[in-house]
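A.B. asks: Have a look at this one before I ask anything.
The values are calculated or read from the model by the stated rules, or taken from the named source; none is laboratory data. Since we're looking at a predicted model, the values are computed, not measured. Glycine gets a Cβ as well: all are built from the backbone with ideal geometry, and neighbour counts include every protein chain shown.
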Amino acid sequence: MSQQVPQSAKVRHEELCEIVAHHNRLYYVEARTEISDIEFDALLQEIQELEGHYPALISPDSPTQRVGGAPSTGFTTVSHRVPMLSIDNTYSPEELREFDTRIRKLLAGEAPRYIVELKLDGIAMALRYENGVFTQAITRGDGLQGDDVTANVRTIKAVPLRLAGKSPASLEVRGEVFMKNAELERLNRLREKAGEEPYRNPRNTTAGTLKLLDPQQVALRHLEIYLYDMLPEDGCAPATHVAVLKQLKAYGFPVNPHHETCTSIEEVIFVCNRWQTKRHELGYETDGMVIKIDAMDQRKTLGFTAKAPRWVIAYKFPAEVKQTRLNDIVVQVGKSGAITPVAELEPVSLAGTIVKRASLHNFDDLAKKDLRIGDTVEVQKAGEIIPQVLRHVPGKRPADALPYPIPAACPICHSPVQKDPDSVALRCLNLACPAQVKERLAHFASRKAMDIEGLGPAVVEQLVAKGLVHDPADLYALTQETLEGLERLGAKSAANLVEALDKSKSQPLNRLLFGLGIRHVGSRLADIVASYYGNIHALMAAPREELPHLEDVGEAVAESIHGFFQNPDNRDLVGRLHAAGVRMEMVQKVADGPQLLAGKTLVVTGKLNHFTRDEIHERIVALGGRPAGSVSKSTDYLIVGENAGSKQAKAESLGVPVLTEEAFKRMIGSLE
Ligand code: IVH
């Protein structure tokens, strides 16, 4: 229904939106402010009030529309208008000089001008604007097609919802979404409080954030963006890269301030070397520099190879290596008994963080490197993330340093250990080993599993030490009284934990299955298995041969799952969890919707146009069907997208009906 909006309200709304956009631009493009946060919030509030009175004023580019819409079920795949190419890498000044020689040869004597930029370590993103209004954000994906993550990218405050000044009919700009180190630290402090594993690094956290289905959640993690590219449009095709950056800023996009023009490769090398150390002061991650030819006509002359443009190259920083003292080697026992040596290091600052510990992976590796307590060792961060001990410095070994012995018994429970036949891992065989018990409980309570808030390491430690809890089922017998008796746990926290435990009982089967900590069963695989079987009893009764028919379930996984449920102790555990009231099935998404596919098994193959894999699987489950990974006699339908391969041939040979994606849509569409 259309609503009459007084002209004065329209004018004021438009004016307010412009003012807010102006201050946003000042802040994100020029890094300065003219008004206080309070004044800014007051402007936003006035817009909100106007829109409250006159909802017709709400447009997609209103600043109130950053976090909108319900959580989605997946992302649509979108084709890039122009492929998002990758760039070639170099790792030494010598390789940069070779690049320069190539360029000069191809330019036939014409002098190149280089722009040297930071290589931001984030996620590449394409943003589209129609008539000046932000309409779409697409991830790089495979370079040809990416995911439509518009609702998530809209929450990034630095992304202008409308362009400043005169805007072209359509515009695509490209850049990098990333997270500042301080933001990662803030999120990790919250996670630590909640007893959750910290995120490893800003880049992966950014990728994970962009994949969240709920934009509200995305908005809570503050992402940033810098733009560095613009597709030429009719009427707007700057002649140099510097002009592109200038135009991007004029439109209101944030552009990284650290870019320099160089006229010789030695200058380029100088700039790269300078940033190699200075980059740790930036507050966000860079993994190198990007060197681009400035003039567009020269870029055209240079052209592309099959993989990448010839006019650009990345210079990757070598990993920083430092020496420090190996103070101790301690041993950790994981949830499935794997015994891992860990290096305790004299704290050392490395690539922007202080490193105190590093996994030594396994005892074979430790013996090969012959690391001894007291050694001076060289450490680096692999891929800028995980600290690694590379080697010991031979001349600096104390005379009395002894080789580290391979444990003959578990350092925690002293029961015998065994080497895995299929890997180098050393394992404690005692399932009741307190270290294993603690790890299993922590895993059961973790966020992707049963998500029991407040059951952090300190609480688990005490529960196990006091003999109150031996396995996850024991958790559900804990009372407020017992919990209050623990150290550093007040009445309020105890009550919260009891409530969290109670709430966790209704988690769906996929989380329970993941939480049980079955070897090789990660959270994605748990989703697949749980949605196929629907309830734990069907899974426990499943014949061993049936499991490899599921998507991504190989022989080792099938063996592990089947073996787990054959074990009487595990069956008993499931029985006790059931008795405690823990849900043993998937949640029926559309409990009373039409169960058109009830009891039917469907396999999906090929590239789909209308659904992502997760979406179509969810749709099948919602209609009562079971998605499976491979075609067999018991498959009811095969749904085929583009380039369906062997599965289609197999279905046809078995007489399994084959549906195109459109046919499937019609089939379910008639009931929607
Ligand atoms: S230019 C065709 N500039 O690095 C050239 N890329 O390894 C397009 N990246 O996919 C890329 N900072 O995600 C360019 N200043 C920068 C960059 C940058 C980071 C990323 C980008 C690209 C990847 C290639």
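A.B. asks: Do we have any residue at all in segment 227-248 that's exposed (fewer than 14 other Cβ atoms within 10 Å of the Cβ) and of a type in the set (A, V, I, L, M, F, W, C)?
C.D. replies: For segment 227-248, residues exposed (fewer than 14 other Cβ atoms within 10 Å of the Cβ) and of a type in the set (A, V, I, L, M, F, W, C): present.
A.B. asks: Separate question: Output the number of the condition that Ala314 fails; it satisfies all remaining conditions of (1) farther than 30 Å from Leu107 by Cα; (2) out of contact with any Cys (no Cβ under 8 Å at 6 or more places or on another chain).
C.D. replies: Evaluating Ala314 over (1) farther than 30 Å from Leu107 by Cα; (2) out of contact with any Cys (no Cβ under 8 Å at 6 or more places or on another chain) leaves (1) as the failure.
A.B. asks: Kindly indicate whether any position in segment 573-582 is surrounded by fewer than 17 Cβ atoms within 10 Å (Cβ to Cβ), β-branched (Val, Ile, Thr) and in contact (Cβ under 8 Å) with a residue 60 or more places away in the chain.
C.D. replies: Checked against the condition, which is being surrounded by fewer than 17 Cβ atoms within 10 Å (Cβ to Cβ), β-branched (Val, Ile, Thr) and in contact (Cβ under 8 Å) with a residue 60 or more places away in the chain, segment 573-582 yields no hits at all.
A.B. asks: Continuing with this model, one more query. Pick out the one residue from Ala530, Ala538 that is touching a Leu at 6+ places or on another chain (Cβ under 7 Å) and part of a helix (DSSP H, G or I).
C.D. replies: Unique residue meeting the criteria: Ala530.
A.B. asks: Considering segment 218-257 alone, what residues qualify as being within 17 Å of Ala124 (Cα to Cα), among the hydroxyl-bearing types (Ser, Thr, Tyr) and in contact with a Pro (Cβ under 8 Å, 6 or more places away or on another chain)?
C.D. replies: Tyr226
A.B. asks: What tally of residues in segment 622-638 results from selecting those that are surrounded by fewer than 16 Cβ atoms within 10 Å (Cβ to Cβ) and in contact (Cβ under 8 Å) with a residue 24 or more places away in the chain?
C.D. replies: So the answer is 4.
A.B. asks: Is it true that Glu266 is more than 16 Å from the ligand (Cβ to nearest atom), modelled with pLDDT of 95 or more and at negative phi?
C.D. replies: Yes: the conditions hold for Glu266.
A.B. asks: For the subset of segment 84-115 comprising residues that are within 9 Å of the ligand (Cβ to nearest atom) and over 18 Å from His259 (Cβ atoms), which member is surrounded by the most Cβ atoms within 10 Å (Cβ to Cβ)?
C.D. replies: Selected residue: Met84.
Conditions (1) touching a residue at least 60 places away in the same chain (Cβ under 8 Å); (2) in contact with a Leu (Cβ under 8 Å, 6 or more places away or on another chain), marked per residue:
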site: Thr205; (1), (2): no, yes
site: Leu223; (1), (2): yes, yes
site: Asp229; (1), (2): no, no
site: Lys246; (1), (2): no, no
site: Tyr251; (1), (2): yes, yes
site: Cys262; (1), (2): yes, no
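A.B. asks: In segment 603-624, how many residues are under 29 Å from the mean Cα position of the chain (by Cα) and under 15 Å from Tyr533 (Cα atoms)?
C.D. replies: Qualifying residue count for the region: 6.
A.B. asks: Where in segment 562-672 are the strands (runs of 3 or more DSSP E), entirely inside, with at least 1 residues that are of a type in the set (Gly, Ala, Ser)?
C.D. replies: It comes to 626-628.
A.B. asks: Pull up segment 351-405, narrow it to residues that are small (Gly, Ala, Ser) and in a strand (DSSP E or B), then point me to the one that is modelled with the highest pLDDT.
C.D. replies: Ala358
A.B. asks: Could you pull out the residue among Glu555, Glu559, Glu546, Glu615 that is in contact (Cβ under 8 Å) with a residue 24 or more places away in the chain and among the acidic types (Asp, Glu)?
C.D. replies: Only one candidate passes the filter, namely Glu615.
A.B. asks: Do you know which of the residues in segment 70-83 that are in contact with a Lys or Arg (Cβ under 9 Å, 6 or more places away or on another chain) and away from the ligand (no atom under 16 Å from the Cβ) is farthest from His617 (Cα to Cα)?
C.D. replies: Per the stated criteria, the residue is Thr77.
A.B. asks: Taking interchain pairs and intrachain pairs at least six residues apart, which have beta carbon atoms under 6 angstrom, with the first residue in segment 79-100 and in contact (Cβ under 8 Å) with a residue 24 or more places away in the chain and the second more than 16 Å from the ligand (Cβ to nearest atom)?
C.D. replies: Pro93/Ile269; Leu96/Ile265; Leu96/Ile269; Arg97/Ile265; Asp100/Ile265
A.B. asks: Go over the candidates Lys335, Lys368 one by one and state the one that is among the charged types (D, E, K, R) and in contact (Cβ under 8 Å) with a residue 12 or more places away in the chain.
C.D. replies: Selected residue: Lys335, the only one of Lys335, Lys368 that is among the charged types (D, E, K, R) and in contact (Cβ under 8 Å) with a residue 12 or more places away in the chain.
A.B. asks: Which residue out of Arg274, Arg279 is buried (at least 16 other Cβ atoms within 10 Å of the Cβ) and either of a type in the set (Asp, Glu) or more than 18 Å from Gly175 (Cα to Cα) (or both)?
C.D. replies: The conditions single out Arg279.
A.B. asks: Next question, about the same structure. When you go through Thr261, Thr324, Thr286 one by one, which is the residue that is away from the ligand (no atom under 16 Å from the Cβ) and either surrounded by 15 or more Cβ atoms within 10 Å (Cβ to Cβ) or at pLDDT 95 or above (or both)?
C.D. replies: Only one candidate qualifies: Thr324.
A.B. asks: Of all residues in segment 264-283, count the ones that are aliphatic (A, V, I, L, M) and without any contact (Cβ under 8 Å) to a residue 40 or more places away in the chain.
C.D. replies: 0
A.B. asks: What are the pairs, 6+ residues apart or on separate chains, where a residue within segment 599-610 that is polar (S, T, N, Q) has its Cβ under 6 Å from a residue that is buried (at least 18 other Cβ atoms within 10 Å of the Cβ)?
C.D. replies: From residues that are polar (S, T, N, Q), the pairs are Thr601/Arg626; Thr601/Ala628; Thr601/Thr635; Thr605/Val640; Thr605/Ala644; Thr605/Lys647.
A.B. asks: Would a scan of segment 29-48 turn up a residue that is touching a residue at least 12 places away in the same chain (Cβ under 8 Å), among the basic types (Lys, Arg) and within 30 Å of Pro232 (Cα to Cα)?
C.D. replies: No: segment 29-48 contains no residue that is touching a residue at least 12 places away in the same chain (Cβ under 8 Å), among the basic types (Lys, Arg) and within 30 Å of Pro232 (Cα to Cα).
A.B. asks: While we're here: When segment 406-443 is examined, which residues are found to be touching a Phe, Trp or Tyr at 6+ places or on another chain (Cβ under 9 Å) and in a helix (DSSP H, G or I)?
C.D. replies: Scanning segment 406-443 gives a single hit, His443.
A.B. asks: Out of the residues in segment 97-129 that are under 30 Å from Pro160 (Cα atoms) and among the acidic types (Asp, Glu), state the one that is modelled with the highest pLDDT.
C.D. replies: My answer is Glu117.
A.B. asks: Looking only at segment 300-322, decide whether some residue is out of contact with any helix residue (DSSP H, G or I) (no Cβ under 6 Å at 6 or more places or on another chain), in a helix (DSSP H, G or I), farther than 30 Å from Cys413 by Cα and not β-branched (Val, Ile, Thr).
C.D. replies: Checked segment 300-322: at least one residue is out of contact with any helix residue (DSSP H, G or I) (no Cβ under 6 Å at 6 or more places or on another chain), in a helix (DSSP H, G or I), farther than 30 Å from Cys413 by Cα and not β-branched (Val, Ile, Thr).
A.B. asks: Name the single residue that is nearest to the ligand (Cβ to nearest atom) among those in segment 116-149 being of a type in the set (Val, Ile, Thr) and more than 19 Å from Asn204 (Cα to Cα).
C.D. replies: Filtering segment 116-149 for residues that are of a type in the set (Val, Ile, Thr) and more than 19 Å from Asn204 (Cα to Cα), the one nearest to the ligand (Cβ to nearest atom) comes out as Val116.
A.B. asks: For Thr305, indicate whether it is surrounded by fewer than 17 Cβ atoms within 10 Å (Cβ to Cβ) and within 16 Å of the ligand (Cβ to nearest atom).
C.D. replies: yes
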